[in-house]
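What follows is one structure encoded as structure tokens, with my remarks underneath.
The values are calculated or read from the model by the stated rules, or taken from the named source; none is laboratory data. Since we're looking at a predicted model, the values are computed, not measured. No Cβ is skipped: glycine too gets one built from the backbone with ideal geometry, and neighbour counts run over all protein chains shown. The protein model used for the area step is the full one, side chains on, heavy atoms only, and it has no ligands, DNA or RNA in it. Shrake-Rupley method; radii C 1.70, N 1.55, O 1.52, S 1.80 Å.
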Amino acid sequence: MKNFRCERVADLITREISRILTQRISDPRLQQITITGTRVSRDIRMATVFYTVFTGEGNDPAVAISLDKAAGFIRRELGRTLELRYVPDLRFEYDVSLEHGNRIWSRLDALGNPAPDADPTASDDDPDQEHPADSFDDFDNEDILDDADSFDDEDDFDDE
């Protein structure tokens, strides 16, 4: 069973840390990261914050050191803005899920599968083939309205 309170607190921490990094911290190494998610322990005493670096450098150790140094300041700012009884300790981890997803897409492309932005409704067989949604244009609403009027008779709903 999922703990929805932990999920809500994790989402709140993710948003607030993103706001703190963009508005309150002036370290240029921390301006190039994005917070991708947070995982909070069941007792909300520890939060693991996942981040990515969008400069193409991958897991830059300088960014990790800067985040560890700023963790106290970020935690204090969270304490000022969040209405929690206890502000969790912060641990930052590099998020490898984007790199992993890119690796999977490149392998799928190598196999000849269509790109993810390709139109899934496009048909290579017959370009003149009509799409099923196009047949709704010929739909006559008058028939439905005529049928609906027949249900207005109170004789059909006698409560005996």
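Before moving on, here are some points about what is shown:
- Selection count where residues are within 16 Å of S18 (Cβ to Cβ) and of a type outside the set (D, E, K, R), scope the stretch 54-87: 11
- Only one of the numbered conditions (1) among the β-branched types (V, I, T); (2) more than 24 Å from the chain's Cα centre (by Cα); (3) within 29 Å of R5 (Cα to Cα) is not met by I65, and that is (3).
- Where a residue in the stretch 21-32 is closer than 17 Å to F92 by Cα and without any contact (Cβ under 8 Å) to a residue 12 or more places away in the chain and its partner, wherever it lies, is open to solvent by 90 Å² or more (accessible area, probe 1.4 Å) and in a helix (DSSP H, G or I), with Cβ under 9 Å and at least six apart: Q31/T22
- Selection status of R80, open to solvent by 80 Å² or more (accessible area, probe 1.4 Å), touching a helix residue (DSSP H, G or I) at 6+ places or on another chain (Cβ under 9 Å), at negative phi and basic (K, R): no
- Verdict on L98 being at pLDDT below 85, surrounded by 11 or more Cβ atoms within 10 Å (Cβ to Cβ) and in a helix (DSSP H, G or I): yes
- The stretch 3-26: number of residues that are among the polar types (S, T, N, Q) and either more than 12 Å from V49 (Cα to Cα) or open to solvent by less than 20 Å² (accessible area, probe 1.4 Å) (or both): 4
- Single residue of the stretch 53-77 satisfying the filter (open to solvent by 80 Å² or more (accessible area, probe 1.4 Å) and outside any helix (DSSP H, G or I)) that is modelled with the lowest pLDDT: E57
- Tabulated pairs, the stretch 88-106, first under 21 Å from L12 (Cα atoms), second charged (D, E, K, R) and surrounded by 12 or more Cβ atoms within 10 Å (Cβ to Cβ), C-beta under 7 angstrom, 6+ apart or interchain: L90/R75; F92/D68
- Residue within the stretch 44-52 that is more than 13 Å from Y94 (Cβ to Cβ) and open to solvent by less than 70 Å² (accessible area, probe 1.4 Å) present: yes
- Looking across the stretch 31-56, the residues that are under 16 Å from R75 (Cβ atoms), among the hydrophobic types (A, V, I, L, M, F, W, C) and in contact with a Phe, Trp or Tyr (Cβ under 9 Å, 6 or more places away or on another chain) come down to I35, I44, V49.
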